[in-house]
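To start, the structure under review is shown below, and the notes come after it.
The values are calculated or read from the model by the stated rules, or taken from the named source; none is laboratory data. Owing to the predicted nature of the structure, the values given are computational and were not obtained by experimental measurement. Using ideal geometry, Cβ is built from the backbone for each residue, glycine included, and neighbour counts are taken over all protein chains shown. Just the protein is used for accessible areas: all its heavy atoms, side chains included, with ligands, DNA and RNA removed. Shrake-Rupley method; radii C 1.70, N 1.55, O 1.52, S 1.80 Å.
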Amino acid sequence: MSLKAFVSRRVVTPHGIEAAAILVEGGRILDVVSPHQLPAEIPAKDFGEAALLPGLVDSHVHINEPGRTEWEGFRTATRAAAAGGCTLLVDMPLNCLPATTTVAALEAKRQAASGQCHADWMAWGGVVSDNQQHIEGLAAAGVPGFKCFLIHPGIDGFTMVNERELRAALPHVARTGLPLLVHAEMPEPVDSATRRLANADWSKYATYLQSRPDEAELSAIQFMFSLCREYHFRLHIVHLATSQALDMLRAAKSEGLPVSVETCPHYLHFSSQKIPDGQTLFKCAPPIRSPENREELWRGLREGVIDLVATDHSPCPPEMKRLDERNFRTAWGGIASLSLALPVMWTEARSRGFTLVDVARWMAEGPARLAGCESQKGRIAKGFDADFVVFEPEAEFIASDEHLYYRHRVSPYLGEKLRGVVKATYLRGNCVFADGKFPGDPAGRELRGQRGKGSFK
């Protein structure tokens, strides 16, 4: 195992941005030292003024394999991840067939991933209406946590859970010590709003926005807090879209509840006022809300109420977006963004006075902590995997389909002017993406969770 070094004037470490040399041996970071401390005999690759960030961790991705590889698969999802600076994906348990709600389904996913991955991966387990007896087995088999829906997930084969079913599952979840990730929308406000809008014009984004009111999120989050107090499990709210929940989240954290929360690049970049009617590529659930709401979400990140940013990369074949029908009611809800998430976030973060240290905290360190691998992934530091991104923060580009490396190259980000270019991505010290190419054979591995590891305390 030969020792090598990677040098930059701007290395993003937990302590700040500094000129540094990263010493790598056997795929791990041996040390991070000042460039002048680097022994002359160690071969070094100098990236000059390009920034080196820790490899990103995306804890909310729908890979869809096995079963729906025509939507997205391990090969295409991990290529897009590597192109976007992401070295670890955590796959959601729905949309694949079978859904990851049993150990047998998890093993099928492992077989499907074998030899295909350009980035590392993990798999969340699912909590559905009838798999309570499988929860602890999934934890023992290596999932880092669980995902459930309080509302219909938009697809058959992965059931939502009601209060009775949740209460049956939560003692098992609590015993594992692993987080429960919750799609926090209650069905009643959505169903009521949708009935009122039955005869509305569903080509209008305003109609879709009214059909998923803030109240659906607020009531779901309040409901989960009450269960968290009762069952003492780790709760994570996925893809927060309403800023109206920030006060209750702040209060829950002050109370000491083991609660964490994420939001997504699309909620931080787009706003409802700029979404054209009929443009169903923007459909996601919960929906993209007002520009004022977007700025409040940024305030939540600034104050640490929101812990992390994940993509919720949720691709589908283009025909499922009903682009010809222009119908927000029937179109698939999901935004694909894996390869563009870092430039999107940097574009917005930089304009608000944040630094690359903040971006690394939200998109690498925070998601790694959620997935329980924060001692191995998410930081450029001694003992960590040698995963990092070569990033040119001053470069600008117009997003086009050539920047999309996932299976179906459609995106609401096309045509957006973005700042920051991923030049290369390294996984355990080896280049897996550089200037549009993917050198070497797929070298990604599965990371297996360790029960109860990771915390947002």
(request) Please find the FRET efficiency linking SER192 to ARG28, where r is the Cβ-Cβ separation and R0 is fixed at 35 Å, and quote it to the nearest 0.05. (result) 0.05
(request) State in Å² the accessible area per residue of the chain; use a 1.4 Å probe, count heavy atoms of protein chains only, and round to the nearest integer. (result) 36 Å²
(message) Bin width 10 Å, origin at 0, all Cα-Cα pairs of the chain: what percent of pairs per bin?
(response) 4, 22, 33, 27, 11, 2, 0, 0
(message) Through the Karplus equation 6.51 cos²θ - 1.76 cosθ + 1.60, θ set to phi - 60°, convert the phi angles of the stretch 298-310 into ³J(HN,Hα) values in whole Hz; use x for Gly and Pro.
(response) 4, 5, x, 5, 4, 8, x, 5, 8, 8, 7, 10, 10
(message) With θ taken as phi - 60° and the coefficients 6.51, -1.76 and 1.60, list the Karplus ³J(HN,Hα) couplings across the stretch 396-402 in order, rounded to whole Hz; mark glycine and proline as x.
(response) 10, 7, 9, 5, 9, 5, 5
(request) Specify the angular offset, from 0 to 90 degrees and rounded to the nearest 10, of the alpha carbon long axis of helix 341-351 from the longest principal axis of the alpha carbons in the chain. (result) 90 degrees
(request) For the stretch 1-102, give the percent of accessible area contributed by carbon and sulfur heavy atoms, probe 1.4 Å, rounded to a whole number. (result) 51 percent
(request) Provide the per-residue ³J(HN,Hα) series for the stretch 437-450, in order, calculated from phi with Karplus coefficients 6.51, -1.76, 1.60 and θ = phi - 60°, each as a whole number of Hz, with x at glycine and proline positions. (result) 10, 10, x, x, 7, x, 10, x, 10, 7, 9, 9, x, 10
(request) Could you look at the stretch 298-433 and say what percent of its accessible area is carbon and sulfur, using a 1.4 Å probe and all protein chains? (result) 43 percent
(message) List the residues, sorted by chain then number, that are 5 or more residues from PHE433 or on another chain and whose placed amide H is less than 5 Å from its amide H.
(response) THR425
